[in-house]
1. Most exposed first by the Cβ proxy, i.e. fewest other Cβ within 10 Å, how do 36, 156 rank?
2. Output needed: percent of Cα pairs per 10 Å distance bin for region 124-186, bins running from 0 to the one holding the longest distance.
3. Rounded to the nearest 500, what is the chain's calculated 222 nm mean residue ellipticity when only DSSP H runs of at least 4 contribute -39500 (n - 2.57) each, over all residues?
4. Debye calculation, C-alpha points only, no solvent: report log10 I(q)/I(0) for region 14-179 at q = 0.08, 0.14 Å⁻¹, in the same order as the q values.
5. How many angstrom lie between the Cα centre of region 126-140 and the Cα centre of region 38-78?
6. Which value, in debye to the nearest 20, describes the size of the charge dipole of the chain about its Cα centre when Lys and Arg Cβ atoms bear +1, Asp and Glu Cβ atoms bear -1, and nothing else is charged?
7. How do 7, 35 rank when sorted from fewest to most other Cβ atoms within 10 Å of their own Cβ?
8. Counting other C-beta atoms within 10 Å, which of 93, 182, 155 has the fewest, and how do the rest follow?
Amino acid sequence: MLSQFISERDDSLLGDIDFDFPEGIHAVGRLDRQSEGLLILTTNKNVTRLLFQGDTLHKRTYLVKVKNTVTEEKLEQLRNGINIRIKGGAYYITAACDAAIVNEPLGLLQQIISLPAYPPYTWLKISLTEGKFHQIRKMTSAVHHRCQRLVRIAIEGLELDGLAPGAVKEIVEDDFFSLLKIDNWK
């Protein structure tokens with residue numbers, strides 16, 4: 001589904017979820033159509049600014065299934081920053097990030113609809129503090145490993161933690177800001 005409530009196209013939208021969303025709710029840090037996982041919805045218009053546009057960097061963590069076997073050399077390239085093309089056609093060197101090869105994350109993804117597995121492939125866990133348009137897809141492509149699946153599992157201390165696709169979990173505002181490591185939000 002699209003991570004929005006309104007669309008001119010006939011798409012599955014957040015409003016299709018069986019939940020009584022409050023007036024003025026919006027998505028923060030949207031996911032593209034091919035991605036899945038944790039999505040923050042809030043009525044607080046300051047969250048986007050505090051989380052993604054402020055001076056303090058906030059970590060987002062993803063499980064990434066890429067085509068073929070990733071070598072330590074390619075992993076190191078991802079960790080140290082890689083040259084990608086960004087919006088407008090310019091090139092950009094990504095900031096250093098955490099990247100590791102992980103075993104197939106079946107426990108976490110059992111609730112998420114499976115896609116066929118066409119080996120060889122590698123699962124990566126990538127945590128970064130910036131978010132250029134399709135950044136992880138562009139990063140893995142730059143080291144010649146096409147992204148086959150992308151699942152956001154955490155934003156700072158707010159984790160997907162077994163939440164089923166389409167499920168909504170309400171969080172008390174103080175806990176919400178604490179998990180996201182956002183100070184002085186009032």
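Every number in this text was worked out from the coordinates using simple rules, so none of it is lab data. What you see is a predicted model, and the numbers here were worked out from it, not measured in a lab. Note: ideal-geometry Cβ built from the backbone for every residue, glycine included; neighbour counts use all protein chains shown.
1. 156, 36
2. With a bin width of 10 Å, the distribution comes to 16, 40, 31, 12, 1.
3. -4500 deg cm²/dmol
4. Results for region 14-179 at q = 0.08, 0.14 Å⁻¹ read -0.25, -0.78.
5. Taking the Cα centre of each part, region 126-140 and region 38-78 sit 6 Å apart.
6. In total the dipole reaches around 960 debye.
7. 7, 35
8. Exposure proxy ranking, most exposed first: 93, 182, 155.
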